[in-house]
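Read the figures in this text as sums done on the coordinates, not as results from a lab. In this text, all values refer to a predicted model and were calculated from it rather than measured experimentally. No Cβ is skipped: glycine too gets one built from the backbone with ideal geometry, and neighbour counts run over all protein chains shown.
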Amino acid sequence: MINWNEITTLLFDLDNTLIMFDENEFIPMYGKNIHAYFTEEISSYEEFMKLFLTSTHAMLEKEPEGLTNLEKFAAHFSPKLNLPFEEILKRFLHFYAYQFDQLAQIISPAPFAQPLLHLVSQHFHVVAATNPLFPRIATEKRLNWGKIGLDIIPWLEITVADAYSTAKPYLTYYEEVLEKINKSPDECAMIGNDRINDMVAGKLGIKTFFIETNTAPDKIITTDLDRENPQFPIDDSGTLEDLYLQLKAYLEKKTN
């Protein structure tokens, strides 16, 4: 169990924690839409997706230093297509601005996500601790699709590819989050549906709440940690509804 009296900040995973979708449906639809921006350079969709996924893996690398995840992606992607770094970023950002919304149809809000966030954001700081593989424009749109955007929920921080230089499941990601929000591990709780990407936060002393869903964990990218199949300590677990009821009871008792 988590002693909520010690917690000031809740870190929420996004994909299949707060918004629901089928990765097997999302990735092909996403890939075909973004491939349309690069068909002159690489006509084969299969070859494009191989390059896209290896470039996504590049976001996990520590080198080159001083680059955001988005810049690391473009630095790996651009030489293979013989396109300038800036042109890659320009095309991707245009896609997110004007075409990405086509994917909203396959995204749905997770049950109890909105009432839970409405409740806890009145008493805790809340962070959208999604894996920072998407730029801000895309992540904010995904929050909006889940009806938990900035106009509804006062997010303290949203972790995005154009502002972060680390990624899940590495502890450096959680260290970067803590540094940006100026919080210590022992006052934070990580809430998510992935036993590796999210629960690894416990190694830093962050409390962990595992969300039980019927969806598979994120496999867009895999790491050495996936192959090792580690078992990270979980402080508590349940559905979003369970967490909502637990925190509602805690807050009612605290205010009475």
Evaluate 2.2 N^0.38 Å with N set to the residue count of region 1-42, then give the Cα radius of gyration divided by it.
2.04
What is the spin-label model distance, in nm, from L53 to L150 if the labels are put 7 Å beyond Cα along the C-beta direction?
3.3
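I need the calculated FRET efficiency for the pair Y98 and T172, taking r as the beta carbon distance and R₀ as 35 Å, to the nearest 0.05.
Values: r = 33 Å, r/R0 = 0.95.
FRET efficiency, Y98 to T172: 0.60.
Strictly over 18 Å apart at the Cα level, which of K72/K168; K72/K180; K50/K141; K183/K203; K62/K168; K168/K248 would you flag in this model? Kindly include the intermediate steps, with their values, before the conclusion.
Details: K72/K168 15 Å; K72/K180 20 Å; K50/K141 25 Å; K183/K203 16 Å; K62/K168 12 Å; K168/K248 29 Å.
Those over the limit are K72/K180; K50/K141; K168/K248.
Could you line up K141, K50, K168, K253 from fewest to most neighbouring Cβ atoms inside 10 Å? Please list the in-between numbers first.
Details: K141 19, K50 13, K168 27, K253 8.
So the ranking, lowest neighbour count to highest, is K253, K50, K141, K168.
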Output the Cα-based Rg and Dmax of region 24-104 in Å, rounding Rg to one decimal and Dmax to a whole number.
12.5, 34
Name the residue from C188, N5, V160 whose Cα lies farthest towards the positive end of the charge dipole of the chain, charges +1 on Cβ of Lys and Arg and -1 on Cβ of Asp and Glu.
N5
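When all alpha-carbon pairs of the chain are counted, what percent fall beyond 26 Å? List each step's numbers first, then the result.
Values: 12894 of 32640 pairs.
Of the Cα pairs, 40 percent sit more than 26 Å apart.
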Mean residue ellipticity (222 nm) of the chain, computed from DSSP H runs ≥ 4 via -39,500 (n - 2.57), nearest 500:
-12500 deg cm²/dmol
Per-residue ³J(HN,Hα) for region 141-156, Karplus 6.51 cos²θ - 1.76 cosθ + 1.60, θ = phi - 60°, Hz, x for Gly and Pro
5, 5, 4, 5, 4, x, 6, 9, x, 5, 6, 10, 10, x, 4, 5
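Order of 24-34, 117-127 by packing, highest average Cβ count within 10 Å first?
Numbers: 24-34: 14.4, 117-127: 18.3.
For the peptides 24-34, 117-127, the packing ranking is 117-127, 24-34.
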Each label sits 7 Å from Cα toward the beta-carbon; between K180 and F232 the label points are separated, in nm, by 1.7
Is there a quick way to get the dipole size of region 24-104? I mean about its Cα centre, with the Cβ of Lys and Arg at +1 and of Asp and Glu at -1; what is the value in debye to the nearest 20?
60
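Residues with beta-carbon under 14 Å from that of P79, excluding P79: net charge, scoring Lys, Arg +1 and Asp, Glu -1? Don't skip to the end; give the middle numbers.
Values: positive: K72, K80; negative: E41, E71, E86, E87.
Here the count lands on -2.
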What number comes out for the charge environment of N3, summing +1 per Lys or Arg and -1 per Asp or Glu over other residues with Cβ under 15 Å away?
-2
Within the chain: Cβ-based charge dipole about Cα centre, in debye rounded to nearest 20 (Lys, Arg +1; Asp, Glu -1)
360
